[in-house]
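To keep things clear, I will list the structure first and then write my remarks on it.
The values are calculated or read from the model by the stated rules, or taken from the named source; none is laboratory data. Keep in mind that what you see is a predicted model, and the values were worked out from it rather than measured. So basically every Cβ, Gly included, is an ideal-geometry build from the backbone, and we count neighbours across all protein chains shown. Just so you know, the surface numbers come from the protein's heavy atoms only, side chains and all, with ligands and any DNA or RNA stripped out. Shrake-Rupley method; radii C 1.70, N 1.55, O 1.52, S 1.80 Å.
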Amino acid sequence: MIKKMIHENLEKIEIPEELDQVVYKAIQRGSASNERVIKMRKWSRNLLTSVAALTIGFVGICNISPTFADTISTIPGLGVLVKVITFDQIKYQEDTYEATLNTPIVEGLNNGALQEALNNKYIEENKALFEQFEKDVAHMKTYPEGGHLGIDTGYQIKTDSEQILSIGRYVVNTAASSSTTMTYDTIDKQNEILITLPSLFKDSSYIELISENIKEQMRTRMAQDNSLIYWIEGDPDAIDGFNKISANQNFYITTEGKLMISFDKYEVGPGVMGIQEFEIPTTVLQNILVSNTYIK
């Protein structure tokens, strides 16, 4: 009964199609037209009302976080408040099956289309994760011995400066072992645009430059600490070793304006090493940067 009620309420949360195109158009325009912003805000109120109803309807399973109204991010001197609030969208526990899915919601951007697209994406991600978890639990229950399944999602504010807001969203899946993935969004709060990795550079040569620097850092780390192991393509013991980053590799920008490249657990080394991050020296990137607005 509980699972049916959760499923029915999840289905009421309608997510616009072609979300990537909405984000892209919002970035290109810088801000949406007044008419579109008004429409998006009306849709947003309906969406958040639906999600709130879902939460209130499942006391003990779904609830609003005590930090719901906490301000995370402010822009000094601009008279604009950008904040990230925590929404405990779903909590589920039954025997050895447990799910806790926390969704970040961004508020305060004047660029309504960008703000709505980001928030819709976050809700869509957790909705899909819960639906898959529900299927996995049903499958596990077909075995007499049962099993253990868990999923935990949430976010970290990696950077919160006057200009940059970087939000890292994590997913931890637990079965026989655990896996952790991170996904980042980096926002220019002053110009209200989403910063992508390719947008920072003049051309695609950044892929090779960053990749080679990361390999150097990996080898240096291993030489300094023999407990560290990185899988690098071409090395004797490497299987499916790291060769180069993807064009849209996970990244964020630090408060000091440094580029951080991130790899998920198991992506470039044994799982015991967890998430791996590499700060790329600006001197390596300087000649191919579009500007030093973000990377300093």
Just going by the charge dipole of segment 80-159, with Lys and Arg at +1 and Asp and Glu at -1 on Cβ, which of ASN126, TYR92, GLY147 is farthest out on the positive end? ASN126
Rank by packing, highest mean first: peptides 209-222, 131-144, with packing defined as the count of other Cβ atoms within 10 Å averaged across residues. 209-222, 131-144
Quick check: net charge around SER179, other residues with Cβ under 9 Å of its Cβ, Lys/Arg +1 and Asp/Glu -1? 0
With only Lys, Arg, Asp and Glu charged, each at its Cβ (+1 for the first two, -1 for the last two), find how big the charge dipole of segment 186-260 is about the Cα centre; round to the nearest 20 debye. 180
How many percent of the accessible area of segment 136-275 is carbon or sulfur, using a 1.4 Å probe? 49
Would you tally the net charge around LYS244, using a Cβ to Cβ cut-off of less than 10 Å, leaving LYS244 out, and scoring K and R as +1, D and E as -1? -2
Pop the C-beta distance of ASP235 and VAL284 into the FRET formula with R0 = 25 Å and round what comes out to the nearest 0.05. 0.70
Please list, ordered by chain and number, the residues whose modelled amide H lies under 5 Å from the amide H of GLY274; skip anything fewer than 5 residues away on the same chain. TYR266
So the number of lysine pairs in segment 199-296 with alpha-carbon atoms under 21 angstrom apart, 8 or more residues apart or on different chains, is 9
Take the alpha carbon atoms of segment 206-276, find their center, do the same for segment 107-152, and report the distance between the two centers in whole angstrom. 28
Which ³J(HN,Hα) values in Hz, rounded to whole numbers, follow from the phi angles of segment 172-178 under the Karplus curve 6.51 cos²θ - 1.76 cosθ + 1.60, where θ = phi - 60° and Gly and Pro get x? 10, 9, 10, 9, 5, 9, 10
Cα-based shape type of segment 216-264, given that a ≥ b ≥ c are square roots of the gyration tensor eigenvalues and the cut on a/c is 1.5: oblate
About its Cα centre, segment 141-214 carries a charge dipole, from +1 on Lys and Arg Cβ atoms and -1 on Asp and Glu Cβ atoms, whose size in debye to the nearest 20 is 260
Kindly write out, for segment 90-101 in residue order, the coupling ³J(HN,Hα) from the Karplus curve 6.51 cos²θ - 1.76 cosθ + 1.60 (θ = phi - 60°), rounded to whole Hz, with x marking Gly and Pro. 9, 10, 9, 8, 8, 6, 9, 10, 9, 9, 9, 10
Once a ≥ b ≥ c are taken as the square roots of the eigenvalues of the Cα gyration tensor of segment 139-283, is the result rounded (a/c under 1.5), prolate (a/b larger than b/c) or oblate (a/b not larger than b/c)? oblate
Given +1 on the Cβ of Lys and Arg, -1 on the Cβ of Asp and Glu, and no further charges, what dipole in debye does segment 141-296 carry about its Cα centre, rounded to the nearest 20? 160
